[in-house]
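The values are calculated or read from the model by the stated rules, or taken from the named source; none is laboratory data. Computed from a prediction, not measured in an experiment: that's the story for all the values here. A quick note on method: Cβ atoms are made from the backbone with ideal geometry, for glycine too, and the neighbour counts reach across all protein chains shown.
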Amino acid sequence: MKWVKFRIKTVTEAEDIIISTLYDLGLEGAQIEDKVPLTAMEKEQMFVDILPDGPEDDGIAYLSFFVEEKEDGSLEVAGEKTTTEAVLADVKRELEDLRQFMDIGEASVVVDETEDIDWINNWKQYFHQFYIDDIPESSITLLQFYAMQVLAEMYPDKRIFDVATDKSRFDMFDKVCGTDQIRLRFSKNYKVSDIIDYWNKDVESFKAKSSKYYLYK
């Protein structure tokens, strides 16, 4: 299945009105790309303890609309058969009408084509697989530090403890680890080798003390 993508460069203040206007044309569902910071409520709904800073909001937004392309190359919008050229002309006309009473920025439109296979495969460039060879001996918590180590190597300018602005959230991280030493040692070089001895130093004594409470062996 192929799709024609209409990507509009505009400003964040015009996102809603453009989406609403083009919805009336039959272009339903918009993909929004902008740098507007997350609200406090949005952050609370995310299952992340420490959020890195995003890029500074420059007021620019990109709105993308996708229309399925038929086998004969035609498009169907609002139940009617049409063409890429006709849809593009309608979009540009509506944008120019909006420009008469509000700032919509550059309002340029780029037309591209994509296929389902692109969406199916594009995520793979961000996926790095690893294997757990010995599950009984694996520390699930420690695996998270290995993940942070790899991410720090891939994106050295976005190392989690360096870019976090809400330092108060470190307190919960330290409580989970039982000490602030894990965070402090790890954040120097983002290497598991810097913390693994400290992490494991009480494992054996804990196993000995807790063994009598085990329900299963």
* Qualifying residue in the range 140-149 (condition: at pLDDT below 85 and of a type in the set (V, I, T)) -> yes
* To do: Please go through the range 1-14 and pick out each residue that is within 15 Å of V109 (Cβ to Cβ) and touching an Asp or Glu at 6+ places or on another chain (Cβ under 8 Å).
  => V4, K5, R7, K9, T10, V11, A14
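Could you list all residues from the range 150-171 that are in a helix (DSSP H, G or I), under 19 Å from K43 (Cβ atoms), in contact (Cβ under 8 Å) with a residue 12 or more places away in the chain and of a type in the set (D, E)?
First, the residues of the range 150-171 that are in a helix (DSSP H, G or I): 150-154, 156-158, 160-163, 167-171.
Filter once more, so that each one left must be under 19 Å from K43 (Cβ atoms): 158, 160-163, 167-171.
This time we only want the ones that are in contact (Cβ under 8 Å) with a residue 12 or more places away in the chain, so: 158, 160-163, 169-170.
If the condition is that a residue be in a helix (DSSP H, G or I), under 19 Å from K43 (Cβ atoms), in contact (Cβ under 8 Å) with a residue 12 or more places away in the chain and of a type in the set (D, E), then D162 is the only one that fits.
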* Asked: If we scan the range 4-14, do we find a residue that is without any contact (Cβ under 8 Å) to a residue 24 or more places away in the chain and either β-branched (V, I, T) or part of a strand (DSSP E or B) (or both)?
  -> no
* Enumeration of residues in the range 160-204 that are under 15 Å from Q149 (Cβ atoms), of a type outside the set (A, V, I, L, M) and touching a Leu at 6+ places or on another chain (Cβ under 8 Å) -> W199
* Hey, among the residues in the range 162-198 that are at pLDDT 90 or above, among the aromatic types (F, W, Y) and crowded, with 17+ Cβ neighbours inside 10 Å, which one's nearest to E56 (Cα to Cα)? -> Y190
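Condition first: touching a residue at least 60 places away in the same chain (Cβ under 8 Å) and either over 30 Å from T165 (Cα atoms) or not acidic (D, E) (or both). Can you find one or more residues in the range 30-47 that meet it?
Just the residues of the range 30-47 that are touching a residue at least 60 places away in the same chain (Cβ under 8 Å), to begin with: none.
No - not one qualifying residue is present in the range 30-47.
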* Asked: How many residues does the range 26-65 hold that are at pLDDT 90 or above, more than 30 Å from L151 (Cβ to Cβ) and not in a strand (DSSP E or B)?
  -> 2
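So in the range 195-217, with the set limited to residues that are of a type in the set (V, I, T) and in a helix (DSSP H, G or I), which one is farthest from L143 (Cα to Cα)? Working first, answer last.
Step one: filter the range 195-217 for residues of a type in the set (V, I, T), giving 195-196, 203.
Of the ones still in play, those that are also in a helix (DSSP H, G or I) are 196, 203.
On the way: I196: 11, V203: 16 Å.
Across the range 195-217, the extreme among qualifying residues is V203.
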* Which residue out of E69, E80, E33, E85 is surrounded by fewer than 14 Cβ atoms within 10 Å (Cβ to Cβ), more than 16 Å from the chain's Cα centre (by Cα) and within 23 Å of E115 (Cβ to Cβ)? -> E85
